[in-house]
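The values are calculated or read from the model by the stated rules, or taken from the named source; none is laboratory data. No experiment lies behind these values; they were computed from the predicted model shown. As a convention, Cβ positions derive from the backbone with ideal geometry for all residues, glycine included, and neighbour counts pool all protein chains shown. Protein only, heavy atoms only, side chains kept; ligands, DNA and RNA dropped before computing areas. Shrake-Rupley method; radii C 1.70, N 1.55, O 1.52, S 1.80 Å.
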Amino acid sequence: RKSPPGFGRGSLCAALGTHEERVAKIAKQLQQWNDDGCKKKLRTSRANWLSMSTRLLSNKQGCHLIDVSELNHILEYDEKEQTVTVEPMVTFGQLTEFLMPKGMCMQCHIEMESITVGGASMGFGLETNSHKVGFFQETVVEYELVTPDAKVHRVTAESDPELFYALPWSYGTIGFLTKVKCRVVKAKPYVHVTYIPTFSAKELSRKLNELANQESGPDFLEATGYSKDNAVIQCARFADVKEWNQRARVNHINWFWKPFYYKWVETALKKGQFDEYIPTKHYYHRFTRSIFWELEDMIPFSNHPLYRVLWGWMGAPEVSLLKLFQGPVIRKSSMYAHAVQESIVPLKILDEGIEKFDDWYGIYPLLIFPVRVYDRGDLSGMLRPRKDLTNEGKDYGIWVDIGAYGVPRAIKEGKSWSAKKNVRDMEHWTRDNGGWQALYTDIFCTEKELRSMFDHTLLEKARKRLGSEKAFGSVYSKVRPEPGLLDLSDVLAAEEKEENVKCN
């Protein structure tokens, strides 16, 4: 059974025409750009404050902007094939509302409701089942995109493997994404979560390694660090709730008067291991109310019982609106006195990573998500794992995403904290250990350093074949901080000097 096409935002769906008509509008804009002599680089006209990146501006100044704002429809759900086909501006919040009544969910269902499928496909996206399925891109069956020559391409791993595997992490530097077909899976109404406290980084690392590498391991796996030594593992499986003793342990964590989820998880450090049942929809969006744990930096009393009861129903401020009203002065302050950083490194060095993050940032809670990374040789794309880091006899290895969001400890203590030094130290450590940095964050590296972290070989091959090199900037041009915010002149001078020595 296939659902009726055209599930969009509100009653304007029919007025916006069919998917083919919306794609034709984009192709027409690109044809006009070609007719005008291809004078400027191409970008979408989408305002950057709508994205989930930390950047306020988007380096689109002087570019030719293409309007893709109508691409926000869920097009088709195929029950037999277990796929859903959507346009790139569809959010995971929309997909929750669409799929949950059908007893389904995305195979990798991102927890933040405002993240778009396009952003997760072309950029960065993972969930607590990524230790089994990998990054969000691993769940994509087919992409549709329009290249600079105004041609529409439908791409699968079978039809064009080089282009298919070049698209993830390409950040829109090949073409304009217009459609994505993704795998969905059956979801039970509840998630049975077990909370396991740990009291050293080595204990946490050992237990997570065991759980992440089990053949029949948990459906969902994550940990939250509350100090350099203390953390709580959340190990979960889909479940039905039928018995009275199960019903007694149901926790609707997203009811507005409830404590923030990460605060509730922390109680396991005092009361020991326990388990409960969480409605699946609540579990998938468990961090929405608190913006992970950033809301308390904005509203320090937001988790107070009185605040939750009286005003908790309003929910958290929309991240995009916070960016809209931020302004360049606050943006610069947030870049140098606040951190949003993620390092994806081999899980076996998690204990070292926790020590490093404590030195660099001293921010808690700390997000810890294991993720499977596949080695496809020359088709690995931007993330090409080192052979010595993959599991023995497997075509994949287990990495871990370590995320720090908040005000560094030194800033809170009134001390000086060098964002440039600490983030660059993190980037060097990540790169040296065969890892990658999440590129929606503030990066402090040069383009040369970024290219040594991410393998651009397949991407550049696809860009050259499709004529995208002249039409789009590089990935670095998309993800670097706004002009004037970061001075890398000393680093660039050192790179130039090193290059001259090599030439001589």
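Quick one: in the range 303-336, of everything that is over 30 Å from Asn422 (Cβ atoms) and open to solvent by less than 80 Å² (accessible area, probe 1.4 Å), which residue is modelled with the lowest pLDDT? Result: Gly315.
Scanning the range 348-385 for residues that are hydroxyl-bearing (Ser, Thr, Tyr) and open to solvent by 30 Å² or more (accessible area, probe 1.4 Å) yields a total of 2. Within the option set Pro305, Pro370, being touching a His at 6+ places or on another chain (Cβ under 6 Å) and on the phi < 0 side of the Ramachandran plot holds for one residue only, Pro370. Scanning the range 402-427 for residues that are of a type in the set (Val, Ile, Thr) and in contact with a helix residue (DSSP H, G or I) (Cβ under 7 Å, 6 or more places away or on another chain) yields Ile402, Val407, Ile411.
Candidates are the residues of the range 486-504 that are among the polar types (S, T, N, Q) and more than 11 Å from Thr446 (Cβ to Cβ); the one that is most open to solvent (accessible area, probe 1.4 Å) is Asn504. The set of residues from the range 106-143 being in a loop (DSSP other than H, G, I, E, B) and of a type in the set (Asp, Glu) comprises Glu111, Glu113, Glu127. Residues in the range 233-275 that are open to solvent by 50 Å² or more (accessible area, probe 1.4 Å), touching a helix residue (DSSP H, G or I) at 6+ places or on another chain (Cβ under 8 Å) and under 18 Å from Pro365 (Cα atoms): none.
Meeting the requirement of 2 or more residues that are closer than 28 Å to Gly172 by Cβ and in contact (Cβ under 8 Å) with a residue 12 or more places away in the chain, the helices (runs of 4 or more DSSP H) wholly within the range 357-456 are 419-432, 447-453. Of all residues in the range 179-220, which are out of contact with any Gly (no Cβ under 9 Å at 6 or more places or on another chain) and closer than 30 Å to Trp33 by Cβ? Selection gives Lys179, Lys181, Cys182.
Among residues of the range 276-302 being in contact with a Gly (Cβ under 9 Å, 6 or more places away or on another chain) and without any contact (Cβ under 8 Å) to a residue 60 or more places away in the chain, the one that is least open to solvent (accessible area, probe 1.4 Å) is Ser302.
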